[in-house]
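Chemist: First, the structure itself, so that you have it in front of you.
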Amino acid sequence: MELRRELEFYSKLSTPSDVEAFSRVLGRMASSKDRKYIPVMLSYLDDNTEHGDLMKEIIGMSESFGADDYVSTVVDMTGTLQDRAWDWLEIIHYRIFNSDELTTVYKDALAGHAEEAAVRGYLKEFLNGNPEKREHVEFVLAD
């Protein structure tokens with residue numbers, strides 16, 4: 001079965017075996033290093049899940065891809081993730097802004113992005129809740 005469909009099949013997470021199988025498929029996606037899987041993985045983030053450890057695993061597996069691929073996908077998906085995974089999106093951004101390298105990659109990915117204005121708006125809201133990240137966020141927002 002194709003990995004996307006397999007992940008979707010187990011995404012109900014209604015049994016422990018579904019959770020284990022979902023996790024295994026995430027691992028296979030990450031092992032492939034095919035960037036097409038990053039948005040698939042991140043699309044399963046959900047603030048209303050009972051499976052917080054699995055959400056952390058999604059983030060960790062997504063971070064295992066190349067920095068450019070991972071960060072550009074986060075920028076691409078910021079608008080989508082704001083609606084159902086605000087808390088996880090905040091964690092992702094916090095982790096990105098813990099790294100000078102990833103912050104620079106973020107700035108480059110944002111420049112000229114089709115949703116640049118919306119992502120900048122999100123970053124300003126992020127900064128309101130995370131003032132300790134001011135230096136990194138202001139670097140990204142600077143022209």
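The numbers here are math on the coordinates, done by the rules we state, and not lab data. Since we're looking at a predicted model, the values are computed, not measured. Every residue, glycine as well, gets a Cβ built from its backbone with ideal geometry; the counts of neighbours run over all protein chains shown.
Chemist: For the pair Ala111 and Glu2, how long in nm is the line joining their label points, each one 7 Å along Cα→Cβ?
Modeler: Calculated label separation equals 3.6 nm.
Chemist: I've got another one for you. Need the full-extension length gain, Arg24 to Asp53, defined as separation in residues times 0.36 nm minus the C-alpha distance. One decimal, nm. Could you put the intermediate results ahead of the total?
Modeler: Working: separation 29, 0.36 × 29 = 10.44 nm, distance 1.38 nm.
Gain in length upon complete extension: 9.1 nm.
Chemist: Okay, moving on. What is the distance in Å between the Cα centres of the stretch 103-143 and the stretch 1-54?
Modeler: 28 Å
Chemist: Right, next: With contacts defined as alpha carbon pairs under 8 Å and 6 or more residues apart, what's the relative contact order of the stretch 3-141 in percent? Spell out each step's value before the answer.
Modeler: Working: 120 pairs, mean separation 26.6, N = 139.
Relative contact order here is 19 percent.
Chemist: From the helices alone, meaning DSSP H stretches of at least four residues, give me the mean residue ellipticity at 222 nm for the chain, per-run term -39500 (n - 2.57), in deg cm²/dmol to the nearest 500.
Modeler: Working: 9 runs with 105 residues, N = 143.
It lands at -22500 deg cm²/dmol.
Chemist: While we're looking at this one, here's another question. Within the chain, which is the longest segment containing none of the trypsin sites (Lys or Arg not before Pro) that sit in a DSSP loop and have at most 15 other Cβ atoms within 10 Å? List each step's numbers first, then the result.
Modeler: Details: sites that count: Lys12, Lys33, Arg35, Lys36.
Formally, the longest exposed-site-free interval is 37-143.
Chemist: Also: At R0 = 25 Å, how high is the FRET efficiency between Asp34 and Arg120 if r is their beta carbon distance? Nearest 0.05 is fine. Please report the intermediate quantities before stating the final value.
Modeler: Working: r = 30 Å, r/R0 = 1.18.
Efficiency for this residue pair is about 0.25.
Chemist: DSSP loop GluC sites (Glu not before Pro) in the stretch 37-143 with at most 11 other Cβ atoms within 10 Å of their Cβ, which ones? Write out the running numbers ahead of the final one.
Modeler: Details: sites: Glu50, Glu57, Glu63, Glu90, Glu101, Glu115, Glu116, Glu125, Glu132, Glu135, Glu138; in loops: Glu50, Glu115.
Filter output for the stretch 37-143: Glu50.
Chemist: Name the residue, out of Ser23, Ser72, Ser99, whose mean-square fluctuation peaks in a Gaussian network model built on the chain with Cα pairs under 10 Å.
Modeler: Ser99
Chemist: Summing Lys, Arg as +1 and Asp, Glu as -1, what charge do residues with Cβ under 13 Å from the Cβ of Ala85 carry, Ala85 excluded?
Modeler: On the way: positive: Lys56, Arg84; negative: Asp46, Asp47, Asp83, Asp87, Glu90.
Net local charge, Ala85 excluded: -3.
Chemist: Given C-alpha coordinates of the chain, what is the ratio Rg to Rh with the Kirkwood estimate of Rh?
Modeler: Working: Rg = 15.3 Å, Rh = 15.6 Å.
With Rh from the inverse mean 1/r over Cα pairs, Rg/Rh is 0.98.
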